[in-house]
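Structure first, commentary second.
Taken together, the values in this text are just the output of simple stated rules run on the coordinates, not laboratory data. Note that the structure is predicted; figures quoted are calculated from it, not measured. Heads up, the Cβs are rebuilt from the backbone with ideal geometry, glycines too, and the neighbour counts pull from every protein chain shown.
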Protein chains: 2
Amino acid sequence: MPHRIAAIQKATAHLPHPGRMTMLAIAGDSASGKTTITKGLVKALGDMRIGSFCTDDYHRYDRVERKSLPFTPLHPECNYLEIMEQHLQLLTLGQPILKPKYHHSDGTLGRPELFEPQEIVIVEGLFPLWSKLSRATFDVTVYLDPPEEVRRRWKVQRDTGKRGYTEEEVLKDLVKREPESEKYIRPQRAHADIVISFAPVEGRTESDQTMSATILLRPTVPHPDLSSILTSDTRESVHLKLIRDQDGKPVDALHVHGHAAEASTKIVEETIWQHIGMTGEIPQSLGMISETTRSAPLAIAQLILLHHLIRS
Amino acid sequence: MPHRIAAIQKATAHLPHPGRMTMLAIAGDSASGKTTITKGLVKALGDMRIGSFCTDDYHRYDRVERKSLPFTPLHPECNYLEIMEQHLQLLTLGQPILKPKYHHSDGTLGRPELFEPQEIVIVEGLFPLWSKLSRATFDVTVYLDPPEEVRRRWKVQRDTGKRGYTEEEVLKDLVKREPESEKYIRPQRAHADIVISFAPVEGRTESDQTMSATILLRPTVPHPDLSSILTSDTRESVHLKLIRDQDGKPVDALHVHGHAAEASTKIVEETIWQHIGMTGEIPQSLGMISETTRSAPLAIAQLILLHHLIRS
């Protein structure tokens with residue numbers, strides 16, 4: 001063995017040192033908004049070498065096989081998590097990976113795809129913050145934490161619309177998933193640098209789907225200095241408050257009100273944009289929750305992530 | 001970057017040192033006998049933890065896609081060779097891989113498969129000795145080198161029988177493959193510790209399909225000492241000769257005559273078997289070229305490989 005490892009080291013000694021790369025994790029339960037937030041970021045950074053993938057690709061079983069299994073995709077045993085960790089390490093070292101591929105449209109596992117390291121890599125999914133090893137591969141980590149009733153509504157909408165399930169199936173699945181969600185997914189919240197929660201505007205009427213955002217900025221990474229932008233002009237729509245998190249630890253909570261006047265959210269957006277060192281218009285993809293609907297709280301959350309992607 | 005690599009090193013520091021593992025490469029052109037020789041070895045070592053795979057699994061394109069490409073599967077561009085090298089390295093380090101899967105029966109690329117490191121791993125295919133890096137991962141390396149007319153006959157038989165091609169397609173394909181075979185496959189012969197050539201018995205009649213074997217034992221690894229077994233009893237059926245190879249380098253050439261009397265090949269087989277340190281019967285899978293036909297020259301070639309697998 002040792003002679004072979006030495007031979008490999010010799011054979012790879014000429015390889016260039018991996019270039020600069022920033023890796024962002026976006027973890028969260030099913031239908032918590034991971035893909036929406038990722039898509040806007042990837043589109044906004046279209047000029048840079050950016051790539052993203054979902055850890056659902058590491059599902060060990062396809063939809064048919066899962067029917068006879070005693071666990072859901074939220075169980076570690078239902079995923080090749082050891083391989084996910086290995087692939088995250090390889091990317092960190094600047095190496096390409098041949099990534100498995102799970103097709104959500106029909107629940108099948110397909111041929112793997114080459115994924116090459118990029119300047120920026122966003123990894124979203126159920127498990128990116130699963131282990132000490134997987135967490136060590138990221139520069140900045142996010143957990144999406146909408147209230148359960150919001151996530152349930154989003155999941156029903158998406159899975160009946162895009163993944164060919166009936167509403168009854170989705171609701172039954174949510175019940176089955178709950179214990180595994182509690183045990184394996186939600187504990188990842190504790191390991192995120194940023195926790196984002198989109199929730200209905202307080203005191204809203206039933207028909208009002210507008211979301212506010214609460215963005216917890218943990219002191220585990222250096223965040224943009226927001227004190228300068230939280231002036232009297234913005235105070236009503238956006239405010240920063242020092243709070244204790246669920247676990248009692250101190251954290252900055254940035255609240256962006258869903259019904260804030262565009263004039264004041266615009267100031268916040270522009271200031272973060274300049275803070276990043278960017279000129280020109282803010283990319284139009286930021287804040288888009290559909291082809292036609294824009295959410296300023298989402299845009300602000302994404303701009304904070306952009307700050308980390310570009311400045312870290 | 002460096003901080004992340006350090007974090008990964010820290011997170012993996014508890015992992016056990018990889019166990020003892022022997023890796024054997026069997027390279028050679030299409031239909032040169034790689035699978036036949038591998039199958040017999042895997043079956044013979046059934047009691048040990050042994051695994052094998054074919055580097056054809058690293059094909060980048062499926063059969064339909066290849067139809068519109070200017071190269072054949074023998075071209076490096078037609079394969080994920082960088083990923084193959086990476087996976088060989090990972091196995092050498094005792095890590096599992098999620099290996100792509102090419103289905104020869106219908107020419108499709110399927111879902112990848114978990115392949116875990118074993119005591120003995122045999123990697124056969126068109127490209128295992130392709131690069132300095134891939135070669136560095138093996139303990140012993142073999143190249144199968146039958147005369148072209150034999151290989152053509154084998155290829156037509158197999159591809160029309162098992163892979164759904166017509167004879168005309170196979171012959172046309174052989175012509176298309178020749179320049180890439182010369183450029184990319186045959187140069188791997190120079191990097192093998194052992195070169196095995198099965199060829200028709202000299203002076204045979206047309207209907208006689210019996211094969212002799214010439215086994216070149218290069219002084220790059222310590223081979224079993226055969227001098228003791230090449231006595232007057234075996235001299236006619238098996239002999240060892242010091243020759244110069246095609247490239248002028250000195251090499252031991254072990255010739256096993258296809259029509260040798262079973263009594264004398266049996267002596268050679270038994271002696272190598274004991275030389276390895278094995279007791280009991282020689283495994284019945286050795287030498288089998290079909291369910292019912294046994295070839296003593298194949299058995300002797302496989303026994304020499306067994307020596308390397310068990311003793312190295």
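For the range A:215-226, 3J(HN,Hα) computed residue by residue from phi via the Karplus equation (6.51, -1.76, 1.60; θ = phi - 60°) reads 10, 7, 10, 7, x, 8, 9, x, 8, x, 6, 9 Hz, glycine and proline entered as x.
Counting only the Cα atoms, the protein assembly as shown fills a convex hull of 190 Å³ per residue. Here is the list for the range A:235-312: trypsin sites (Lys or Arg not before Pro) lying in DSSP coil, each with at most 14 other C-beta atoms within 10 angstrom of its C-beta, are A:Arg235. Of the residues B:Ser212, B:Leu171, B:Leu93, the one whose Cα sits farthest toward the positive end of the charge dipole of the range B:87-238, with +1 on the Cβ of Lys and Arg and -1 on the Cβ of Asp and Glu, is B:Leu93. Summing Cβ point charges (Lys, Arg +1; Asp, Glu -1) relative to the Cα centre of the range B:193-312 gives a dipole of roughly 280 debye.
Counting only Cβ charges, +1 for Lys and Arg and -1 for Asp and Glu, the dipole size of chain A around its Cα centre is about 820 debye.
Take each peptide in B:188-194, B:295-301, count the other Cβ atoms within 10 Å of every residue, and average; sorted highest first, the result is B:295-301, B:188-194. Dimensions of the range B:193-312 along the principal axes, based on C-alpha atoms and rounded to the nearest Å, stand at 40, 38, 28, largest first. Here the scattering of the range A:17-143 is modelled by Debye summation over its C-alpha atoms, one equal scatterer each and no solvent; at q = 0.16 Å⁻¹ the log10 of I(q)/I(0) is -0.77. If the Kirkwood radius is taken over C-alpha pairs of chain A, then at 25 °C and 0.890 mPa s the Stokes-Einstein diffusion coefficient equals 118 µm²/s. The mean number of Cβ atoms from other chains found within 10 Å of a Cβ in peptide A:135-142 is 3, as a whole number.
Put the Cα centre of the range B:256-312 next to the Cα centre of the range A:53-103 and the gap is 43 Å.
Per-residue mean of foreign Cβ neighbours for B:112-125 is 1 (Cβ atoms of other chains, 10 Å radius).
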